[in-house]
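The values are calculated or read from the model by the stated rules, or taken from the named source; none is laboratory data. All values derive from a computational prediction rather than experimental measurement. Virtual Cβ from ideal backbone geometry, glycine too; neighbours counted across all protein chains shown.
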Amino acid sequence: MNSPSPSTSVILLLSAAFGCGDAAKVVDIGDNNTAELGVKLSDYSGTWEGYVEAYRFSDGSDRVRLQIAQDGTGTLELGDSPPLVVARDQVALAASPTQIPGFRYPLSDVSVADERIRASVQLLKFLDDWCVLFQPVLQVPRDASGPEYACSDQQAREAPDCWDDHPGAGLCVANACLVSCHCNADSCYAPSYDVTPNQVSGNTLDGMLLEEGDVLLGTLHLDVNRLTFRMRRQ
């Protein structure tokens, strides 16, 4: 009887130990997608829902919802409130435009490195959408130290501070937009802010994939809060 060749012996041993199907998995280990999970932006695309630990937003909820497209565009929604439609009379929200439940804050500077996704959260986007609702008003007579255009007549600056009292009143809206918005001859807009790392420029998301890509775990830096989040792919 002829003895099996060395190569035949190796094949027989592998078949006996693992079975034919398992042998194929062993071959595929080096190319397994799981080993490369989290290195591409598309690995994070989709809708994610979950919660932040030991923290609640102003509506009493700890819910967070993240949407990321394959091109990196996306939004972060905080709390468990209905989608917010920005309106002129939302004075109290304009006073505290960050972390508004129901508002979808855009992501920017989205990148993937070291199997982690990182992005900036544009927490002042509410002011961008709110200020454009006002028409610029030429200030006559103009205060030499004031702007040439504003969202309301200059006399509204003399109105009492009413962020919390009668938020829908006309003078309150005028006072709020004068404080929060800038205008030129064409439009009104949210000002650009010089910020510290703990303020707007520090509003970031940093996360990594777990459980074969079904869970996103990481940290949100929102204003001065550092929050741990856990979200599941929907």
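Among the residues of region 48-60, none qualifies, meaning not one is among the acidic types (Asp, Glu), at pLDDT 95 or above and farther than 24 Å from residue 226 by Cα. A search for C-beta distances below 9 Å between a residue of region 213-234 that is on the phi < 0 side of the Ramachandran plot and without any contact (Cβ under 8 Å) to a residue 12 or more places away in the chain and any residue that is surrounded by fewer than 17 Cβ atoms within 10 Å (Cβ to Cβ) and β-branched (Val, Ile, Thr), counting only pairs 6+ apart in sequence or on different chains, returns 226/219. The condition of being surrounded by fewer than 12 Cβ atoms within 10 Å (Cβ to Cβ), more than 23 Å from the chain's Cα centre (by Cα), over 21 Å from residue 110 (Cβ atoms) and modelled with pLDDT of 75 or more holds for only one of 185, 150, 174, 144, that being 185. Residues in region 71-96 that are polar (S, T, N, Q) and either at pLDDT 95 or above or not assigned by TED's automatic domain parsing to the domain that holds residue 225 (or both): 73, 75, 81.
Counting the residues of region 59-94 that are closer than 23 Å to residue 40 by Cα, of a type in the set (S, T, N, Q) and over 13 Å from the mean Cα position of the chain (by Cα) gives 1.
Does residue 15 meet the test of being in contact with a helix residue (DSSP H, G or I) (Cβ under 9 Å, 6 or more places away or on another chain) and modelled with pLDDT under 95? Answer is yes for this residue.
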